[in-house]
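Peer 1: My structure is below; once you've seen it, I'll send some questions.
Here, each number is a calculation from the coordinates, and none is a lab measurement. Not measured: the values here are computed from a predicted model. No Cβ is skipped: glycine too gets one built from the backbone with ideal geometry, and neighbour counts run over all protein chains shown.
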Amino acid sequence: MKIEYKLQDKFDVISFASVCLLIAMGIVAIFSATVNHPTASGNAERQLVWAGVSVIVFFFIYFLPHRTFRLLAVPAYLSSLILLIVVIFAGKVVYGAKSWLALGPFGFQPSEFGKIGLILFLAYWLTHKKRNINNFTDISSTILIGSIPVLLILLEPDLGTAIVYIAVTVFMLFWGGINLFGLFVVVSPGLVVFASLFGTAPLLVALGFILIGLYYFKRNLFTSASVFVANISAAFLFDYALRLLQPHQQRRIASFLDPTADPLGSGYNAMQAKVAIGSGGLLGKGFLEGNQTQLRFIPEQWTDFIYCVIGEEFGFIGSFLTITLFIIVFIRLLDIAYSSKDEFGSAIVIGTLSLYFIHFVINIGMNIGIAPVIGLPLPFLSYGGSSLLVNFMLLGIVFNIYRNRKEKI
């Protein structure tokens with residue numbers, strides 16, 4: 001009993017066990033989705049190998065000196081920016097985005113590894129020299145740090161990953177102590193942009209709520225007018241940005257607004273995913289028994305639509321278990337962030353939590369038809385070596401922080 005207590009005091013067994021279960025479910029689902037596929041039948045075995053490599057990397061990072069991550073924050077961020085620039089000129093085009101770099105026989109996505117650099121550097125920036133996060137200069141600087149990689153990723157273009165970077169920046173700003181008005185200024189343009197997707201009337205309603213918010217905060221006329229103009233500008237800039245997207249990305253957004261508009265084209269995956277999940281019922285059709293999965297109705301289902309494999313073959317029970325395991329991980333990470341005495345480490349944990357959470361929300365939203373299909377994998381379940389390795393590297397940093405949470409650096 002005493003040994004178990006000591007282990008739990010240095011190693012979060014509950015989180016690690018939950019992640020291992022998610023990986024096991026992912027490998028089973030990948031196997032089911034690819035077993036009858038002519039070219040992807042070995043993906044489950046490859047994912048198992050990547051899982052083994054990722055676990056080894058996880059434990060290597062777990063035992064590193066705690067100060068290592070502060071020293072790596074700036075180099076990791078700058079290196080990620082260099083790679084994001086390189087991939088624009090020398091990258092390989094996959095699914096309409098030039099987001100992959102070749103490394104011998106392997107390929108990797110710089111935007112995946114850039115997530116580590118962003119989280120480390122934002123944590124360093126927000127906690128270095130006790131910055132006043134409600135100061136306009138510090139808020140603007142933090143947004144700029146997140147915006148530079150976002151702009152580079154949009155040039156690939158990869159809208160889904162860009163959204164993740166934005167969300168991580170906002171979550172870390174919030175954890176850094178930004179006040180309610182500052183958060184309102186940062187978040188409101190995003191809400192206006194989202195409303196503009198649905199037409200002029202929803203946009204006007206959103207702008208009305210912005211005016212109500214500005215009245216509530218009772219700032220001076222210049223500040224209020226500036227915020228309102230910024231929100232209007234965001235809507236117009238987003239409309240312009242939509243025209244710069246690839247045609248298939250524009251069709252995906254249109255299908256999110258009306259999935260029936262192109263049921264055999266851009267709306268096909270989302271509609272078939274909902275059919276698969278809905279047909280699973282309570283207990284599912286059984287392993288290797290899902291019609292949508294085994295008959296390959298959903299292209300490359302082992303990546304972004306892995307959740308509907310679980311929903312179809314393991315039913316509501318399997319879907320609910322998946323969500324429950326994620327919630328356990330989220331709660332444990334939030335507890336680690338609160339318990340850490342080191343502000344830098346705490347900020348890293350929140351950045352990691354926000355990364356997992358936004359992937360989780362958007363991916364499952366894609367599968368059940370409440371979010372646009374923007375190509376985001378489900379952490380620890382979807383097929384992909386780069387994604388799995390990065391998720392485990394971040395988890396290793398979080399567990400290192402947990403091991404040293406009682407120390408203040």
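Peer 1: For V74 and T223, calculate 0.36 nm times their separation in residues minus their Cα-Cα distance, and state this gained length in nm to one decimal.
Peer 2: Full-extension gain reported as 50.3 nm.
Peer 1: Also, I was wondering about something else. Could you sort out which of K218/K406; K10/K115; K92/K274; K6/K341; K115/K341 sit more than 30 Å apart by Cα distance in this structure?
Peer 2: K218/K406; K92/K274
Peer 1: Could you sort 308-316, 323-331 so that the peptide with the highest average Cβ count within 10 Å comes first and the rest follow in order?
Peer 2: Those peptides, ordered most packed to least, come out 308-316, 323-331.
Peer 1: Assuming R0 = 45 Å, can you tell me the calculated FRET efficiency for the pair E407 and L204, based on Cβ-Cβ distance, to the nearest 0.05?
Peer 2: Working from the Cβ atoms, E equals 0.30.
Peer 1: In nanometres, what is the gap between the two model label sites at Y216 and R46, each 7 Å from Cα along Cα-to-Cβ?
Peer 2: 4.9 nm
Peer 1: I368 to I317: extension gain in nm, 0.36 nm per residue of separation minus the Cα-Cα distance?
Peer 2: Extra length from I368 to I317 when fully extended: 16.8 nm.
Peer 1: A follow-up question, please. Can you give the Kirkwood hydrodynamic radius of the chain from its Cα pairs, in Å with one decimal?
Peer 2: Result for the chain stands at 22.4 Å.
Peer 1: Separate question: How large, in Å, is region 140-205 by the Kirkwood hydrodynamic radius built from its alpha-carbon pairs?
Peer 2: 13.0 Å
Peer 1: Using 14 Å as the cut-off for backbone N distance, which residues of region 214-231 belong to the label zone defined by a point 7 Å from the Cα of N135 along Cα→Cβ?
Peer 2: No residues fall inside that zone.
Peer 1: Rank these for me by crowding, S18, S41, S111, going from fewest to most other beta carbons within 10 Å.
Peer 2: With the fewest neighbours first, S18, S41, S111 line up as S41, S18, S111.
Peer 1: What list do you get for F320, F113 if you sort them by fewest beta carbons within 10 Å?
Peer 2: Exposure proxy ranking, most exposed first: F320, F113.
Peer 1: Turning to a different aspect of this structure: Along Cα→Cβ, 7 Å out, is where each label goes; now give me the distance between the ones at K6 and N291 in nm to one decimal.
Peer 2: 5.8 nm
Peer 1: Same structure again: When all C-alpha to C-alpha distances in region 356-398 are sorted into bins of 5 Å, what percent of pairs does each bin hold, rounded to whole numbers?
Peer 2: Bin by bin from 0 Å, the calculated values are 6, 24, 28, 22, 12, 7, 2.
Peer 1: In addition: Determine, for each peptide in 164-171, 136-143, the mean count of other beta carbons within 10 angstrom over its residues, then list the peptides with the highest first.
Peer 2: 164-171, 136-143
Peer 1: Percent relative contact order of region 314-392, based on C-alpha pairs within less than 8 angstrom and at least six residues apart?
Peer 2: It comes to 17 percent, rounded to a whole number.
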